[in-house]
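These notes are about the structure you will find just below.
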Amino acid sequence: MEKHAGKIILSPRITEKGAYLSDQGAYVFNVVQGANKFEVKAAVEELYKVTPRMVRMVTIPRKQVRSRKTNRIGQSRGGKKAYVYLKKGETLEIA
């Protein structure tokens with residue numbers, strides 16, 4: 001069963017490192033936990049009309065965090081991010 005592109009790519013990851021990489025043709029996206037490289041590549045092609053030359057996936061681990069108000073320990077969500085590398089000369093418009 002094929003997933004919809006909007007369900008695979010959750011959002012662009014706007015960070016200082018991401019801005020630096022976008023100058024060099026690489027973009028960072030938050031993706032759904034069960035996504036793989038092929039699904040992310042197809043979703044980028046569908047949403048942005050460009051062909052990625054490479055996709056790298058990174059799992060973000062869950063971390064223990066302490067609440068400032070109640071001083072209780074909980075966990076952050078974790079998740080998954082994808083580095084999408086485009087061909088030379090191609091760019092994405094991320095608002």
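A short reminder: the numbers here are calculations on the coordinates, not readings from a lab. Because the structure is predicted, anything quoted here is derived from the model rather than measured. Neighbour counts run over all protein chains shown; Cβ positions are idealised from the backbone, glycine included.
Considering the chain as a Gaussian network with a 10 Å cut-off on Cα pairs, which listed residue, 14, 60, 73, attains the greatest mean-square fluctuation?
73
Run the quick spin-label model on residue 85 and residue 70: label points 7 Å from Cα toward the beta carbon, then report their separation in nm to one decimal.
4.5
Using DSSP to call loops (not H, G, I, E or B), can you name the chymotrypsin sites (Phe, Trp or Tyr not before Pro) in the stretch 45-95 whose Cβ has at most 12 other Cβ atoms within 10 angstrom?
Here no loop site has a sparse enough neighbourhood.
7 Å from Cα along Cα→Cβ at both residue 42 and residue 24: what's the point-to-point distance in nm?
Between residue 42 and residue 24, the label points sit 3.0 nm apart.
Kirkwood-based Rg over Rh for the stretch 5-86 (C-alpha set), two decimals?
Result for the stretch 5-86 is an Rg/Rh of 1.08.
Cα centroid distance between the stretch 1-50 and the stretch 76-95, in Å?
If we compute the Cα centre of each part, the gap is 5 Å.
Just grab the label-to-label distance for residue 15 and residue 56, each label 7 Å out from Cα along the Cβ direction, in nm (one decimal).
About 1.2 nm separates the two model spin labels.
How long is the gain from residue 94 to residue 4 if the chain were fully straight, where each residue apart is worth 0.36 nm and the alpha carbon distance is subtracted?
Values: separation 90, 0.36 × 90 = 32.40 nm, distance 1.95 nm.
Using 0.36 nm per residue and subtracting the Cα-Cα distance, I get 30.5 nm.
Summing +1 for each Lys or Arg and -1 for each Asp or Glu, what net charge is found among the other residues whose Cβ lies under 14 Å from the Cβ of residue 28?
So the environment of residue 28 carries a net charge of +3.
Taking the chain as the reference, fit the longest principal axis to its C-alpha atoms, fit the long axis of helix 37-48 to the helix C-alpha atoms, and give the angle between the two in degrees, 0 to 90, nearest 10.
Result, in degrees: 70.
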